[in-house]
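Novice: Just passing along the structure, written as structure tokens.
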Amino acid sequence: MNIELRHLRYFLAVAEELHFGRAAQRLNISQPPLSQQIMQLEQEIGARLLTRTNRSVQLTPAGHQFLLDARAILLQVEQAASRAARLQRGEEGELRIGFTSSAPFTGLVSDALYQFRQRWPQVHIQMQEINTRQQLAPLHDGQLDLGVMRNTVLPADLRHQLLLREPLRAVVHWAHPLADAETISVSALANEPFIFFDPQGGTALHGEILGLLRRYHIQPYIMQEVGEAMTILGLVATGLGVSILPASFARARLADVVWLPLREEDALSEVWLVWSGEREPSMQMRNMMQLLQPAAAK
């Protein structure tokens, strides 16, 4: 069948007006072409849709059914076009974000997620907690759209944007001799037992913190290696050892833990936004990146 959307719209106008003249005026066309289009539609369908006399136009039983179906088809087309436009504008769809365990503790990420939800509530945000190393393959394969991770070596196909540099701080038990200090140097921790990240855990913080200590010629005595920062805090809270963590984790507010600023200016950890350079960013991605852009300059 060679039925086009204009045939449906023409028929809809005639069926609702039950008058070819008024329908033609409504469609802003002349009456003869309208009559020809309706006749062509009936020929394509193989059914009489309208009965015509000099005084009236009436729907046949087939016409009544076709009117219902034509309305449904035109509505579905309009909805499909609307959905496509909303997807193009980033107002609907999905956004898949990988994030390290520290990301929710950084104000800029949580603020951006809140603003995104307020502006585009129809976009489904799928958050996946996954460490820095484990985010790389899903970003490459397209299983993740964006990744929030720590400073690391990226494959050539991935791009990144600096979100923030946050200070690293020493973490000690409240009864530790250093707990009352306003600031300390990393050298003060040289002989302390460390609760450290497991090097096989995939977190970039292991390399960042170890690199900081080694820049100041400190080889840490590692008492315990664990996979998660919250586990580190829990063990420090027992007095088992000390550690160094990004300041954002202080939001956890453990009563038995004291956070001490470090004097070294390079005691910093970078948080990156990462995406694939081999695929065009979706509008959903662009909207999130735009929300995070101002924060990067702070």
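Novice: Identify the residue in the stretch 126-158 that is assigned to a strand (DSSP E or B) and surrounded by fewer than 15 Cβ atoms within 10 Å (Cβ to Cβ) and, among all such residues, is modelled with the lowest pLDDT. Walk me through it before giving the result.
Specialist: Applying the first criterion (assigned to a strand (DSSP E or B)) to the stretch 126-158 yields 126-129, 146-150, 158.
Among the residues that remain, those that are also surrounded by fewer than 15 Cβ atoms within 10 Å (Cβ to Cβ) are: 126-129.
Values: Q126: 94, M127: 93, Q128: 92, E129: 89.
Among those residues, the one meeting the criterion is E129.
Novice: Inspect the stretch 161-176 for any residue being assigned to a helix (DSSP H, G or I) and not assigned by TED's automatic domain parsing to the domain that holds S110 and give the result as yes or no. Spell out the reasoning first.
Specialist: To start, the set of residues in the stretch 161-176 that are assigned to a helix (DSSP H, G or I) comprises none.
Within the stretch 161-176, none of the residues are assigned to a helix (DSSP H, G or I) and not assigned by TED's automatic domain parsing to the domain that holds S110.
Novice: Additional query: Say whether the condition of being hydroxyl-bearing (S, T, Y) and within 24 Å of L108 (Cα to Cα) is met by at least one residue in the stretch 259-275.
Specialist: Start the filter on the stretch 259-275 by keeping residues that are hydroxyl-bearing (S, T, Y), which leaves 269.
Then drop every residue that is not within 24 Å of L108 (Cα to Cα), which leaves 269.
Yes, some residue in the stretch 259-275 is hydroxyl-bearing (S, T, Y) and within 24 Å of L108 (Cα to Cα).
Novice: Next up: Given S102, S56, which one is among the small types (G, A, S) and not assigned by TED's automatic domain parsing to the domain that holds L146?
Specialist: Values: S102 fails: not assigned by TED's automatic domain parsing to the domain that holds L146.
Exactly one of S102, S56 is among the small types (G, A, S) and not assigned by TED's automatic domain parsing to the domain that holds L146, namely S56.
Residue-by-condition table, conditions (1) buried (at least 16 other Cβ atoms within 10 Å of the Cβ); (2) more than 48 Å from the chain's Cα centre (by Cα); (3) polar (S, T, N, Q); (4) not assigned by TED's automatic domain parsing to the domain that holds M288:
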position: E16; (1), (2), (3), (4): no, no, no, yes
position: G21; (1), (2), (3), (4): no, yes, no, yes
position: Q25; (1), (2), (3), (4): no, yes, yes, yes
position: E44; (1), (2), (3), (4): no, no, no, yes
position: E78; (1), (2), (3), (4): no, no, no, yes
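Novice: Also: Quick check on A237: is it in contact with a His (Cβ under 9 Å, 6 or more places away or on another chain), farther than 29 Å from L154 by Cβ, without any contact (Cβ under 8 Å) to a residue 40 or more places away in the chain and aliphatic (A, V, I, L, M)? Steps first, answer last, please.
Specialist: Values: in contact with a His (Cβ under 9 Å, 6 or more places away or on another chain): yes; farther than 29 Å from L154 by Cβ: yes; without any contact (Cβ under 8 Å) to a residue 40 or more places away in the chain: no; aliphatic (A, V, I, L, M): yes.
When the stated conditions are applied, A237 does not pass them.
Novice: What's the number of the condition S101 fails, among (1) part of a helix (DSSP H, G or I); (2) surrounded by 12 or more Cβ atoms within 10 Å (Cβ to Cβ)?
Specialist: For S101, the failing item is (1).
Novice: Going by what's in this entry, would L210 be described as assigned to a helix (DSSP H, G or I) and modelled with pLDDT of 95 or more?
Specialist: Values: assigned to a helix (DSSP H, G or I): yes; modelled with pLDDT of 95 or more: no.
Considered against the rule, which asks whether it is assigned to a helix (DSSP H, G or I) and modelled with pLDDT of 95 or more, L210 comes out as no.
Novice: Report yes if E265 is surrounded by fewer than 16 Cβ atoms within 10 Å (Cβ to Cβ), free of Cβ contacts under 8 Å to residues at least 40 places away in the same chain and under 24 Å from the mean Cα position of the chain (by Cα), otherwise no. Write out each step before concluding.
Specialist: Details: surrounded by fewer than 16 Cβ atoms within 10 Å (Cβ to Cβ): yes; free of Cβ contacts under 8 Å to residues at least 40 places away in the same chain: yes; under 24 Å from the mean Cα position of the chain (by Cα): no.
Considered against the rule, which asks whether it is surrounded by fewer than 16 Cβ atoms within 10 Å (Cβ to Cβ), free of Cβ contacts under 8 Å to residues at least 40 places away in the same chain and under 24 Å from the mean Cα position of the chain (by Cα), E265 comes out as no.
The values are calculated or read from the model by the stated rules, or taken from the named source; none is laboratory data. Predicted model, so just to flag it, every value in this text is computed and none were measured. Glycine gets a Cβ as well: all are built from the backbone with ideal geometry, and neighbour counts include every protein chain shown.
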